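See below for the structure under consideration.
The values are calculated or read from the model by the stated rules, or taken from the named source; none is laboratory data. The structure presented is a predicted model; accordingly, all values stated were derived computationally and were not measured. Neighbour counts are summed over all protein chains in view; Cβ atoms, including those assigned to glycine, are modelled from backbone coordinates with ideal geometry. Note: areas computed on protein heavy atoms with side chains; ligands, DNA, RNA excluded. Shrake-Rupley method; radii C 1.70, N 1.55, O 1.52, S 1.80 Å.
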Amino acid sequence: MLLTEIDHVAIAVADLEAAIDFYQRAFGATVTHREVVESDGVEEALLRVADSYVQLLTPTRPDSPVAKTLDKRGEGLHHVGYRVADCAEALEAMKAAGAIAIDEAPRPGSRGTTVAFIHPKSAYGTLIELVQE
Ligand code: CO
C-alpha cells in the first residue's frame, strides 16, 4: 500500500478569512500553517486534524486554476491529498494503473512538500494530489 495517510482535504472558498472564521467557530480549529503558493495562484490555510489537515484554498489571481473551478462549480471540495513515502514512485504506479498525470514529474508543494497532481477524469472524478513530506 503506497498511501500512508490522508494528507489533506482541500476545499475551495471565495473568502479565506470567512472560511477560517467558520471553522474556528464551528470546531474551535486554529490555523497551523498559512502560505501563498505563487506558482499555483493560491493562498491556503491548513487546519490540523490529528495527523492530517483541512486545507482551505482561495485564488490569488483570476487566471489561477482554483479561480476557474470557483467560477465553474462554486465553492466546495477541490482535491484530496494522499500522503505517500515517495511521490515519484506513487506517480509512476498511478500512471501504470492508467491515470493521467497533470504533473509529469514531482514538484515542490506547500510547506516544503513534494507533490504531483492526477487528473480527475482518470481517477473517478477526484483531483488527486500525491504528497510526500
Ligand atoms: Co493540496
Which percentage, to the nearest 5, of the DSSP beta bridges contained in the chain is antiparallel? 75
Determine the relative contact order of the chain: mean sequence separation of Cα pairs under 8 Å and six or more apart, normalised by residue count, in whole percent. 26
About the Cα centre of the chain, how large is the charge dipole given +1 on each Lys and Arg Cβ and -1 on each Asp and Glu Cβ? Please answer in debye to the nearest 20. 300
Hey, can you rank 10-18, 51-59 by average C-beta count inside 10 Å, highest first? 51-59, 10-18
At a Förster distance of 41 Å, what's the computed FRET efficiency of Glu17 paired with Ala88, Cβ-Cβ distance as r, to 0.05? 0.65
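I need the per residue convex hull volume for the chain, using only the alpha carbons, in cubic angstrom as a whole number.
107
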Tell me, in nm to one decimal, what length is gained between Glu35 and Ile6 on full extension, where the rule is 0.36 nm per residue of separation less the Cα-Cα distance? 8.5 nm
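Taking R0 as 30 Å, what's the FRET efficiency between Phe27 and Thr126 from their Cβ-Cβ distance, rounded to 0.05? If you can, show how the numbers build up before the last one.
Numbers: r = 24 Å, r/R0 = 0.79.
With R0 = 30 Å, the Cβ-Cβ based efficiency is 0.80.
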Share of carbon and sulfur in the accessible heavy-atom surface of the chain [1.4 Å probe, %]: 56
With every protein chain in place, the accessible area of Thr30 for a 1.4 Å probe, in Å² rounded to the nearest 10, comes to 90
In square angstrom, what is the accessible area per residue of the range 6-74 with a 1.4 angstrom probe? 54
If I ignore ligands, DNA and RNA and count only protein heavy atoms, how much of Asp21 is accessible to a 1.4 Å probe, in Å² to the nearest 10? 70
Eligible aspartates and glutamates near Lys72 by straight Cα distance, threshold 18 Å, same-chain separation 8 or greater: Asp15, Asp40, Asp63
Where in the range 1-26 is the amide nitrogen less than 18 Å from a point lying 7 Å along the Cα-to-Cβ axis of Ala50? 2-10
